[in-house]
Structure formats: C-alpha cells, structure tokens
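Below: the structure, in structure tokens.
The values are calculated or read from the model by the stated rules, or taken from the named source; none is laboratory data. Note that the structure is predicted; figures quoted are calculated from it, not measured. Because the Cβ atoms are built from the backbone with ideal geometry, glycine has one as well, and the counts that use them run over all protein chains shown. The protein model used for the area step is the full one, side chains on, heavy atoms only, and it has no ligands, DNA or RNA in it. Shrake-Rupley method; radii C 1.70, N 1.55, O 1.52, S 1.80 Å.
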Amino acid sequence: YEYRQNKATDAPDPYVNATPKYLSSAYTTTTSQTRVPTTGQYSLHEAYLEVAAPLLRDLPMAQSLDLSLAARYSNYDTVGDATTMKVGVGWRPVQDVLVRGTWSQGFRAPSILELFQGGREVSLQVIDPCNGGASANPSLPGCVGVPTGYNQANYNLNGLIPGTTSGNVDLQPETADTLSFGVAVKPHWVPGLSLTVDWYDIKIKDAIASQSPAQIMSLCAVRGGVYCDLITRDASTGAVLNLVQGAQNLNEIRTSGVDATARYEFNTSIGRFAAMIDVSYLSEFSTVSPDPAGGPAIVDDRAGKGDRSRSTYPHWKGQTSLRWSDGPMNAMWRGRYIGESTDVVNTVKDAKTDAVFYQDLEAGYRFDRYDTTLTVGINNVFDVMPPASYANAPINFDMYTYDVRGRSAYVRLGFQF
C-alpha cells in the first residue's frame, strides 16, 4: 500500500514576466515570454499485489512454465479510481528456447502541469499552409479571408509563430492495453550466442497529448470551421497572432512493431569480444483524434513518415556494437542507424528524408588503485550531418531525431568508494 501527495507552484518573477518592450537603441524588442502563475496538487492511494507462480518443471516439452500475475488499485482525488491487471507467461519447452507473452493494462492520471498549467507564451515552428493567401489556396477553406500575397513575416528567419500553451482541468486519465509476444533462444551448441524477437501492440485510450502546431494549422486550412478556433489571425495582414496548443484527451494512440536482438560473446587469445545487433521495426504509430465538427474520428498514422516539422517516425531503426576487453583495457565501436522516411512533396529535393548511419568509438582503462576507470570517446566520428528535410524548413532537419552536434569528444573519469 502506498499514499502519495504531489504539489507544484510556479510564481513567475514580475520583472521577468513583464510584457516585452521596445529597445529603441537596438530597434528590437526584449525576448521575454510571459506566463500565468501555476499552482495545483493531487493525492492518491494505491494498493498492489504481485504473484510469481512456477507451474511446471523438468517435464517433456516443459522444462519450465511460469505464470506471473499483478493487480493494482489506484484512487486519485482528481480523476477517480481504477484497477489494472497484468498476466505474463514464460514457457521453456527445451532448455535453449523461451517463449514468453504478456498482457497488461495501464493507467495514467494527468500530471499537475497537464491539469493546472497557466497560460504560457511560446514560439512554435510551423509552415503556414495559407502562405500566398486565399487566392493561391482556393482548395483550402480555412484560408478564406487571408489576403493575397500573404507570407509568414519570419518564415525565412526561423519559421516561428506566436502561440499559447496551457493546462486543461477537464482532462480524464488515459488507459492502455499492451500485448507482447516473443521468443528467446540461447543454443547450447554455440556458447555466448543469444537471439530474441519480440512483437508488441499498444493501444492507449483517452490518450493525453497535444496536437502538434502543424496538425492544428493543417486541420484549420483543410477543413476550416471549428478547427480554426485555435488560431487567431490579423484581419488586415493574415499573420497568425496566436495558436492555442493545450493538452487534450485524444480518442486513442496505437503503436505496434517488432524488436529483434542478436548477441554473441566469445574469448580469443587477444581478449574477449562481445558483438550486438539491435533492430526495431515500427509498423504503426497512429493518433486517433475526435472530430469537433461531429464527423468520424481523425486517424493520423505517422509510421514511416517525416513530412511534418519535428515529427519523424522512420519504420527502421537499429544499433550495432563490437566491444573488446582484455584485463584492464577495453574498447568499443558502435553504429547507430535511422532509416529513411517521407518528406513533403517539394520542388527542391525528392520527397523523402534519407537514412543515416552514425559511428562512435570509445576506449577505456581500469586502474586497480582506487578502483578508477578512465574513458575517452568520440561520437559521430565521421561528422555525419542530419539528412535534409523540407518539412523542417528553414532549419532543414529534425533536431529531435538526428545528431545535431556533429563530431564530439568526451573524457570520463570514474571511481568507486
């Protein structure tokens, strides 16, 4: 049993929170972004029980059969109570093979910020689909009234528009169902080798999330009506004065895919080696949003796509490494792979974002005295640049997915006491 209480308060300094002012000497404004004070709290009671039960042992086609059960009851003073369950099975028909599966439920209450955060000014990176005005976008009802020739004033500078983000006291908890199934193999005739493959399927209902600025702008432009209520424009120029972005309960988030790993460790006359390959395939990453106009739910599957700013979800990702150790010395090579994804259709480049492969090196030495280790390393050895993405113009790459720093070195000293 557990009882917790969380509280948070944010009281912005009046001077820092003052409205930005014009600096006549520099012909610019100060860069302060104001925010409303935030205060909130919640408490909860939780009780949970876990059971691990070995059912079979040392039988034909059942070297072992294990069952794991878990239950948790949560009671929040903000969103009520819920009970979640978990069932896991591990079956080892022979000593070298483990077949495993899990079904579980999840429950997450909204956080203090998601519930109570005061309005906060932000700068949002997004390309306005109404650039050019209504006359240049006759098929977009949300661009009606935007003057001809309108273009984002700062598009070529940083692609930012002003916005406001805040909490939502009407949020409900999100729940999830997770199903996974996998196989692990450790063949006794190849000591040091292990292979695993796992499939997963996750559905989050009433998911707490914020639609991206690109989604909000696109829905307004393409569908018009209530979708444009979150966007305020200057009537004379068409410029976006404010875009409201807040947490909401989406209908559902669905994701599924496969993870596979191969490891092999072996000894040689020059030391011990450990090789690893880890591959992931994302088959689905969908958000299902309610249609405020009353139509069917809006499904947006992002798997394999990178045609929105700061929103890249390649189907394939992977990592491989080779480690060597001999007495106090060790070294490692690592490769990181991010697969290709789509890009917006454009006249500058093809409509895809290329795959990238980063390589890292590391070497270390362990000193017996004081049990000290010294490690030096280089990340992104060949200084591979992020792949060009038109969707992320004008910075031209997704800073949340790819290596922004380029080649970088580090030194790490550690000791135990």
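Working out 0.36 nm times the residue gap between residue 372 and residue 286, then minus their Cα-Cα distance, what length gain in nm do you get to one decimal?
Roughly 26.2 nm would be gained on extension.
Sort 279-288, 328-337 by the packing proxy (mean of other Cβ within 10 Å over each peptide's residues), most packed first.
Sorting 279-288, 328-337 by mean packing, highest first, produces 279-288, 328-337.
Report the calculated FRET efficiency for residue 67 and residue 357 (r = Cβ-Cβ distance, R0 = 60 Å), to the nearest 0.05.
It comes out at approximately 0.90.
Can you tell me the accessible area per residue over the range 69-167, all protein chains present, probe 1.4 angstrom, in square angstrom?
Accessible area per residue, the range 69-167: 48 Å².
How do the peptides 6-16, 170-180, 207-217 rank, highest first, by the average count of neighbouring beta carbon atoms within 10 Å per residue?
So the order, starting with the most tightly packed, is 207-217, 170-180, 6-16.
If I stretch the segment between residue 189 and residue 135 completely, what's the gain in nm (0.36 nm per residue apart, minus their alpha carbon distance), one decimal?
12.3 nm
Rank 368, 307, 383 by mean-square fluctuation in a GNM of the chain with C-alpha springs under 10 angstrom and give only the top-ranked residue.
Residue with maximal mean-square fluctuation among 368, 307, 383: 368.
Which value, in debye to the nearest 20, describes the size of the charge dipole of the chain about its Cα centre when Lys and Arg Cβ atoms bear +1, Asp and Glu Cβ atoms bear -1, and nothing else is charged?
In debye, rounded to 20, the chain gives about 620.
Hey, could you pull the Cα Rg and Dmax for the chain, both in Å?
In order Rg, Dmax, the Cα atoms of the chain give 26.6, 86 Å.
Within 10 Å, count the other beta carbons around each residue, average over each peptide in 299-306, 74-81, and list them highest first.
Averaged packing, sorted descending, gives the order 299-306, 74-81.
Full extension from residue 181 to residue 258: what is 0.36 nm times the residue separation minus their Cα-Cα distance, to one decimal in nm?
Between residue 181 and residue 258, full extension yields an extra 26.8 nm.
How many nm separate the modelled label positions at residue 266 and residue 36, each set 7 Å beyond the Cα in the direction of the Cβ?
6.5
Report the number of Lys pairs in the chain whose alpha-carbons are under 27 Å apart, with separation of 8 or more residues or on distinct chains.
14
Quick check: the distance between the Cα centres of the range 285-311 and the range 217-242, to the nearest angstrom?
Spelled out, the Cα-based centre of one part sits 19 Å from the other.
Accessible area per residue for the range 310-402 in Å², computed with a 1.4 Å probe and the full protein assembly in place, what is it?
Heavy-atom accessible area per residue stands at 56 Å².
Using the Cα centre as the reference, give the magnitude of the dipole from point charges on the C-beta atoms of the range 42-93 (Lys, Arg: +1; Asp, Glu: -1; all else neutral), rounded to the nearest 20 debye.
Charge dipole of the range 42-93: 260 debye, to the nearest 20.
Leaving ligands, DNA and RNA out of it, report the carbon-plus-sulfur percent of the accessible area of the range 171-268 at a 1.4 Å probe.
Of all accessible area on the range 171-268, carbon and sulfur atoms account for 60 percent.
Enter the angle in degrees (range 0 to 90, nearest 10) between the Cα long axis of helix 213-223 and the first principal axis of the Cα atoms of the chain, meaning the one along which they spread out most.
60
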